[in-house]
Amino acid sequence: MVDRAEPSAAPGEPAENPTATVAVVAVAREAGEAESRVALVPDDVGRLRSAGFAVVVEKDAGKKAWFFDDAYVQAGADVLDRDKCFADSDVVLFVNRPSDADAGRLRPGQVVVGLLAPLVDPAFVTRLAELGVTAVSLDMLPRTLSRAQAMDVLSSQANIAGYKAALVAANAFGRYFPLLMTAAGTARPAEVLVLGAGVAGLQAIATAHRLGAIVKGYDVRPEAKEQVESLGGRFIELKSVPDAAGEGGYARVLTAEETAAQQEELNGHVAQHDVVITTAQVPGRRPPLLITAAAVGAMRAGSVVVDMAASPLGGNVEGSRPDATTVSDNGVTIIGAGNLASTMPMGASTAYSHNVCALLAHLAENGKVAIDLTDEIQAGVVITFDGKVVNPATAELAGSNGREPLVNGA
Ligand code: NAD
């Protein structure tokens, strides 16, 4: 049985007030084989206890990220099997959304926290609402609020993914990234183009630049120019789409005409580069197609394309698939990146864990999660509460009047 007595700030010391009860936060082991991250790292157990929570961890939850059960126990958590973790907790932490089977184990009033992607699959959170579960989705955080920055999981994970994308590209490329002058001759530097200069794109630019490549960046938001240049890259401006900035710092969806014009104008740039890394996304939409098969066909043999937007919904590169590498007839390696953050699980879990702790500290009131939908942060991340889908954008998609959700093919 989990000790719900109010924990002391220092693990191992007796509780200050053994009669008070606190909410129990469970750390679940991620379901997918390909997922190596864990939602809370041992170093943050004490932080949650200080915020007034008790912590339980599913056996081997952190093993793939090199955080072993012993470390959690030493930090003051109980390690339990999966059933006990779900049964004994008030809040269950995930990185990704729980499996359908795990969703069925949740009980009314229990809170589930993770990257639940409600705009991609509103039916899943609708089910959580029907189960009476409170769904808190970190991908719905209002990111432009400065007080929400410590909770910004999309940024922390995109930073890692962008860094890894540059390393994956360098690894697959058959030449040096930097200019090297040796007795065996001079190696010219690789020319790298990064399409989409948000959090991941900027980190890919910075990393490729540090490796010595000549880097260019492009984005439909004009303010990205200064950011690309500050990291040592050159910004490409296209005449076809001079400005497609949308709301909240994101890009808007391009029209079909704009997309076709953008693809055509990008073709020439793509063909001149050795490595292209694509990161373009519009939240809740299919990733825009930036590089057609014809553009790949015009690239030099030995070039490398990393599509960070590759997903079951499509990617930025025609024909790319997540976690799959293909080589085109003209010798271009196309890497569908998939879940790059998971390939750096210690760093990614540590960052995610800090973000989650900041969020739980924000939600906590006297050792309990207190839902207050008038709070701007909670209005963003709380998707279901009290049996209802309370997030308006998700409710619109889940209802019959909204546009078709992506999982249904729109
Ligand atoms: P994202 O993952 O949604 O998209 C990645 C990039 O793709 C974006 O820069 C977007 O403009 C670009 N893009 C979309 N369609 C495109 C197209 N057709 N062609 C080329 N590029 C295209 O974005 P993100 O990395 O999550 O960041 C989005 C914005 O949010 C940025 O402006 C970022 O600075 C901002 N942001 C702000 C804060 C903050 O204020 N605290 C925190 C995080 C992010």
Through the Karplus equation 6.51 cos²θ - 1.76 cosθ + 1.60, θ set to phi - 60°, convert the phi angles of segment 83-91 into ³J(HN,Hα) values in whole Hz; use x for Gly and Pro. 4, 5, 4, 6, 5, 8, 10, 9, 10
Calculate the dipole size of segment 16-100 relative to its Cα centre from +1 charges on Lys and Arg beta carbons and -1 charges on Asp and Glu beta carbons; express the result in debye to the nearest 20. 160
Shape category assigned to segment 262-330 from the gyration tensor of Cα positions, a/c cut at 1.5: oblate
Could you identify which residue out of Thr259, Thr325, Thr182 has the top mean-square fluctuation in a GNM of the chain using Cα springs shorter than 10 Å? Thr182
Residue-by-residue Karplus 3J(HN,Hα) for segment 177-189, coefficients 6.51, -1.76, 1.60, Hz, glycine and proline x: 7, x, 6, 10, 10, 10, 4, 8, x, 9, 9, 6, x
Result: in the chain the number of Lys pairs with C-alpha under 27 Å apart, spaced 8 or more or on different chains, is 14
Calculate, for Leu180 and Ala294, the FRET efficiency according to 1/(1 + (r/R0)^6) with r their C-beta to C-beta distance and R0 25 Å; round to the nearest 0.05. 0.15
Amide H of Val332 versus every other amide H placed in the peptide plane: which residues, excluding those fewer than 5 positions away on the same chain, fall under 5 Å? Gly302
When you take every Cα atom in segment 59-159, what is the radius of gyration, and what is Dmax, the widest Cα pair distance, in Å? 14.9, 40
Would you mind getting the Kirkwood hydrodynamic radius of segment 21-84 from its Cα pairs, rounded to one decimal in Å? 11.7
For Val92, which sequence-distant residues (separation of 5 or more, or a different chain) have an amide H within less than 5 Å of its own amide H, given hydrogens modelled in the peptide plane? Ala26, Val111, Val112, Val113
Assuming a ≥ b ≥ c are the square roots of the Cα gyration tensor eigenvalues, decide whether segment 183-313 counts as rounded (a/c under 1.5), prolate (otherwise, with a/b larger than b/c) or oblate. prolate
Share antiparallel - DSSP beta bridges, the chain, percent rounded to 5: 30
Let a ≥ b ≥ c be the square roots of the eigenvalues of the Cα gyration tensor of segment 288-410; is it rounded (a/c under 1.5), or, if not, prolate (a/b larger than b/c) or oblate? oblate
Most mobile of Tyr352, Tyr72, Tyr176 in a GNM of the chain (Cα contacts under 10 Å): Tyr176
Given the options Ser50, Ser155, Leu138, identify the residue whose Cα lies farthest towards the positive end of the charge dipole of the chain (+1 on Cβ of Lys, Arg; -1 on Cβ of Asp, Glu). Ser155
In segment 81-174, if the dipole is taken from +1 on Lys/Arg beta carbons and -1 on Asp/Glu beta carbons about the Cα centre, which of Ala165, Gly114, Val91 is farthest to the positive end? Ala165
Using unit Cβ charges (K, R positive; D, E negative) and no other charged atoms, how large, in debye to the nearest 20, is the dipole of segment 295-370 about its Cα centre? 120
What full-extension length gain, to one decimal in nm, is calculated for Glu237 and Gln149 as 0.36 nm per residue of separation minus the Cα-Cα distance? 28.7 nm
What FRET efficiency would be calculated for the residue pair Glu130, Gln272, taking the C-beta separation as r and a Förster radius of 60 Å, to the nearest 0.05? 0.65
Computed over the Cα atoms of the chain, what is the convex hull's projected area averaged over all directions, in nm²? 21.6
Just add up the charged neighbours of Val296: K/R +1, D/E -1, any other residue whose Cβ is under 12 Å from the Cβ of Val296. -2
First select every other residue whose beta carbon is under 10 angstrom from the beta carbon of Pro42; then total the charges, Lys and Arg +1, Asp and Glu -1. -4
Cα-only Debye scattering, segment 90-138: base-10 log of I(q)/I(0) at q = 0.24, 0.28, 0.30, 0.32 Å⁻¹: -0.81, -1.15, -1.33, -1.51
Can you give the calculated 222 nm mean residue ellipticity of the chain, where each DSSP H run of n ≥ 4 adds -39,500 (n - 2.57) and the sum is split over every residue, rounded to the nearest 500 deg cm²/dmol? -9000 deg cm²/dmol
Under a point spin-label approximation (7 Å from Cα along Cα-to-Cβ), what is the Thr374-Glu223 distance to one decimal in nm? 3.0
Only four residue types carry charge here, +1 at the Cβ of Lys and Arg and -1 at the Cβ of Asp and Glu. Report the dipole size of the chain about the Cα centre in Debye, rounded to the nearest 20. 800
What is the distance, in nm, between label points placed 7 Å from the Cα along the Cα-to-Cβ direction at Ala71 and at Ala31? 2.6
Per-residue HN-Hα couplings for segment 369-381, Karplus 6.51 cos²θ - 1.76 cosθ + 1.60 at θ = phi - 60°, whole Hz, x for Gly and Pro? 7, 10, 7, 9, 6, 7, 7, 4, 5, 5, 4, x, 8
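FYI, it's all coordinate maths here, none of it is from the lab. Quick caveat, the model's predicted, so the values are computed rather than measured. Note: ideal-geometry Cβ built from the backbone for every residue, glycine included; neighbour counts use all protein chains shown.
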